[in-house]
Amino acid sequence: MRFYLLVVLMCISIFTSGQQLVPKNSYDQVSSLIAQKQYDKAETQINNLLKTYPGNKSLSLYLLYIYCHKGQYDKAKIQYNALQKIRLDNGETNWLKTQITDPYGPYLFPSSSQPANHTRNLATAASTLPTASHVGKLGIVYNCFDTLSSVDLSQMKSIQELEKRRYTTDQMDKAIATVKAIVGPQNKISSQGRFILVNTQNKLSDSNIRSVANELDKTWQFYTRYFDIAPSNDIITVYLVPNAAELKRMAGIVHGIRAPNVDLGYSCMYDNSILSICNTGTGTLHHELFHIVARKRMTDIPTWLDEGIACLYAVYQWKNDTLYGAYNNWRTQVIQDATYNSTLDMPNRDNTIAVPSLKTLLNYSWDQFNGIIDDNLCKVAINYSLANHLLLYLQQKNLLQKVFNAYKDSTNIPDTTAILIADKDNITPFEKATGEPITITTEKFRNWLIERYHLNEGLSFDENVNPDFNDALQTCQAVIDMIMLERPGGITSKQLRSWREQKEALSDEYITISDADLEKIVRTKDKNPELFNSVTANREKLEALDVLYSKTRQLERTLRSSFFLK
């Protein structure tokens, strides 16, 4: 039976639209102006707010609405494309499309307006190995192409309801009363400093709770000090659950979501909360706490940096009051396995899954990093492992703070319009912090990985995020050749011949309609749908190429999946 040792994304922030939260009265004022169709005043007020809350997603969405209703469609399209680069959920993405196709559509986007079947995919799996006992994030995946475990958000509490639960430390009594009303009196609730701790089912002793609270406070102090993040006086509510079944139950009670019955933890920015299984240490709490602390300051923090630092401190050690990521951790196995470049080296893996280059990693969108586009759990594992090890490298080179600050400073742009429409460049801040071109850092990082972790000396990074048609067809051929060599169980000669014929038919079709310029548009369709939709010349050929490309990628997926047949 073939399998991948997969770093599973257990501590995922389910509500991923973290942002600096604007005071409710400011939102109300903007909403009132929009309701009265005083769009110029509303636009002025939004731009003033953006000086204090740069890149705030909700304000940006309001601004798009205003552009549409003022008939400034060129600005609206620029704003729309800029918002595509922000971490949006499916409901918000659908809302954006509505604003372009029907400028007079609704401007509010509470979760209750999302389709009933709306779900958020998470790469999750049960912790089954002894090595997972202290971190709760390691599992065995028998198929890279299993359907991702999903979290159903169709019944999620509205954003407005969740935001009403936010309190500051001088309102602790009110905050505790609110939490008690949510979870009921049968769960023990305590507070320490800025944290409310909910001991569900009362499984933890008082001394355990104090220990967790002390660890949370120490970690919070470290994050704000080390990364120079202005501390807030917001209360953070932490729901400590004993097992996956209880986490699933509490997720429904607290946030109205249906989570899979797996070991995970998550954070919610709307009500400043963390839900976490707390029988395996505090690594998950470190992870989720970083998301909450960092996103209050950096709404557009790059994916690799956000998840990379959070993962860095999930396996950790303290030296006095400084937290360090552990160099020897369970994610190393993933990147070790991914660096073998021959079926003779490691026969139980799909060798066409490559390790992305640093340039590729730094520029990944959220969906690319988290495997939503490829629907490939093994690629997700590699992305998280590479980001984790890049942060370990930066930690050892004493560059971690410089890199974080470079991205933090990149959001301090005086021109608020530039914040919204700029095509974020994730390479320049990195090079500024390291003091060298990304190509030099890539080579140094590669050598560091090989030397420290004894990786295959043939380790190379893949620059090709969106392969062209020839590359995609060549990938199909490479997988066919591997299948012929290994002959996975259940693959017949007839099936193999059929796949080869499909690949040859795609190749023949490509020869007849190839067009380099149109192919570039097709390959970037997901990232730039407006460009694809705007093409009128050679429209028929463009759409034919789009269909061909989809067929090619689907055949590739089918071929890869054959390696994991039982």
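Residues that are free of Cβ contacts under 8 Å to residues at least 40 places away in the same chain: which strands (runs of 3 or more DSSP E) entirely in the range 235-292 hold 1 or more of them?
Ranges flagged: 273-277.
Going through K520, K541, K494 one at a time, which residue ends up being more than 31 Å from the chain's Cα centre (by Cα) and within 30 Å of Q79 (Cα to Cα)?
Checking each option against the conditions leaves just K541.
Tell me, which residue of the range 12-52 that is outside any helix (DSSP H, G or I) and modelled with pLDDT of 80 or more is surrounded by the most Cβ atoms within 10 Å (Cβ to Cβ)?
Q38
What residue, of N398, N426, N456, N470, is assigned to a loop (DSSP other than H, G, I, E, B) and modelled with pLDDT under 85?
One residue alone meets the criteria, N456.
When you go through (1) in contact with a Lys or Arg (Cβ under 9 Å, 6 or more places away or on another chain); (2) under 20 Å from H286 (Cα atoms) one by one for F195, which number turns out not to apply?
(1) is the only condition that F195 fails.
In this structure, does E307 turn out to be touching a helix residue (DSSP H, G or I) at 6+ places or on another chain (Cβ under 7 Å), modelled with pLDDT of 85 or more, among the charged types (D, E, K, R) and in a helix (DSSP H, G or I)? Step through it out loud before you land on a result.
Values: touching a helix residue (DSSP H, G or I) at 6+ places or on another chain (Cβ under 7 Å): yes; modelled with pLDDT of 85 or more: yes; among the charged types (D, E, K, R): yes; in a helix (DSSP H, G or I): yes.
Answer is yes for this residue.
Can you pull out every residue in the range 184-206 that is buried (at least 17 other Cβ atoms within 10 Å of the Cβ) and not basic (K, R)?
Scanning the range 184-206 gives N187, I189, S191, F195, I196, L197, V198, N199, T200, L204.
What number of residues in the range 520-553 are modelled with pLDDT under 80 and under 27 Å from K379 (Cα atoms)?
Summing the residues that are modelled with pLDDT under 80 and under 27 Å from K379 (Cα atoms) in the range 520-553 gives 9.
Against the conditions (1) modelled with pLDDT under 90; (2) more than 19 Å from L305 (Cβ to Cβ); (3) assigned to a helix (DSSP H, G or I), where does T439 fall short? Just the number, please.
Condition (1) is where T439 drops out.
Exactly one of (1) of a type outside the set (S, T, N, Q); (2) closer than 24 Å to T52 by Cα; (3) in contact with a Gly (Cβ under 9 Å, 6 or more places away or on another chain) is unmet by I277. Its number?
Condition (2) is where I277 drops out.
The values are calculated or read from the model by the stated rules, or taken from the named source; none is laboratory data. Quantities reported herein were computed from a predicted structural model and do not represent experimental measurements. Ideal geometry is used to build each Cβ from the backbone, glycine not excepted, and the neighbour counts take in all protein chains shown.
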